[in-house]
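What follows draws every value from the coordinates through simple rules; no lab data is involved. Source: prediction; values computed, not measured. Glycine gets a Cβ as well: all are built from the backbone with ideal geometry, and neighbour counts include every protein chain shown.
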Amino acid sequence: MNNFLRYLLLGFLGLLALLAVLAGLFGYFVYTPDPAQPQLSGTLAKGSIDMAGVTRRYRTYVPKDLPKGAPLVVVMHGSGEDAQRIRAGTGYGFDRLADQHGFAVVYPKSFGFSWNDCSVIGDVKVNGVSADDASFVAAMVDKLVGELGIDSARVFATGVSSGGSMAIRLALEHPTRYRAVAAVAANLPTPQNFQCQPAANGTSVMIMNGTRDPLVPYEGGEINLLGLFYEGGPVMSSRASAQYFADWNHLGGAPQVSHVDMDEGVRVERARWHKQGKNEVELVSIHGGGHGLPQAYAQRPRLLGPSPMQPDGPAMIWDFFARQQR
């Protein structure tokens, strides 16, 4: 074998070794298997609505024999995801809860890579056009209220990551439309990164964040992943975000704080601002948790920090929503 062929073979073997290492790193840090789909009573369906000449899409999960006047929960995905990814990424938790408690679930799709939330910075445009995601979600809710007989006074919204940031926008700008919202892995943008126009009246808000989130910093700062993969601008800390909503809802005084120790060295801290007859604000801090919604069925990528299987995030969110109905 001449030297050229030898060098060519060595280069080829080196490339294979590099690809094997990269595949191993991808498998360790990024890949996570989808959880098994649960046995559900109802129907998963696709839907669409035209907004300013653009077809916007969503999926609904409706339990069997859903009564008229049932609640609706809007669940919004993270950046680059879709309805199926957020269903799987939350362990199908909201579908399971819908069967248990009798509410409908809808999973809308963002227009751009991310939702057009309150941040000035973000990848929300397609071909230079930025859609009004808030108006799309509102029109979708109105459509489902008519089609399913949903109680328009019991519409709730939640989301993870970019979806959580979009839930914050819905709370701030459309508080009378959503009885409560829950933002997961999301904080309020800092003033220089803030484009929303908050309404005069508030609504109930839960924020659920992990203290070891490498993407959306719990203590505030620049949103990024290793400084390379994602830029979303600066955000406030989780505590400051919750305090903002407490002040917006005129909930003065210190919050009621409780702690529960979980497995895997995780501690759940709950700070709750509430007064009789008023809206409620709750900050759920997952000490030892990363970026994502904790639950027992689906692991999150290691790249996004620790992935505790407790607490039951979807159940905590539904319990918060259910309290606002009374």
- Members of Lys64/Lys278; Lys109/Lys143; Lys46/Lys143 lying beyond 23 Å, as alpha-carbon distances in this model show: Lys64/Lys278
- Item | Fraction of antiparallel bridges per DSSP, the range 180-265 only, in percent to nearest 5 | 50
- Estimated FRET transfer efficiency (Ala322, Gln192; beta-carbon r; R0 25 Å; 0.05): 0.10
- Task: Enumerate the residues in the range 175-209 having an amide nitrogen under 13 Å from the point lying 7 Å beyond the Cα of Glu269 toward its Cβ.
- Result: 209
- Query: Tell me, in nm to one decimal, what length is gained between Arg57 and Ala296 on full extension, where the rule is 0.36 nm per residue of separation less the Cα-Cα distance?
  - Reply: 83.2 nm
- Query: Taking the Cβ-Cβ separation of Ser152 and Asp65 as r and a Förster radius of 25 Å, what is the calculated FRET efficiency to the nearest 0.05?
  - Reply: 0.75
- Message: Full-extension gain between Ala199 and Phe113, please, as 0.36 nm times their residue separation minus the C-alpha to C-alpha distance.
- Response: 28.3 nm
- Item | Label-reachable residues, the range 244-265, where backbone N falls under 13 Å from a point 7 Å from Gln310's Cα toward its Cβ | 260-265
- Message: Per 0.36 nm of contour for each residue apart, how much would the distance between Thr176 and Asp247 grow if the chain were fully extended, relative to their Cα-Cα spacing?
- Response: 23.8 nm
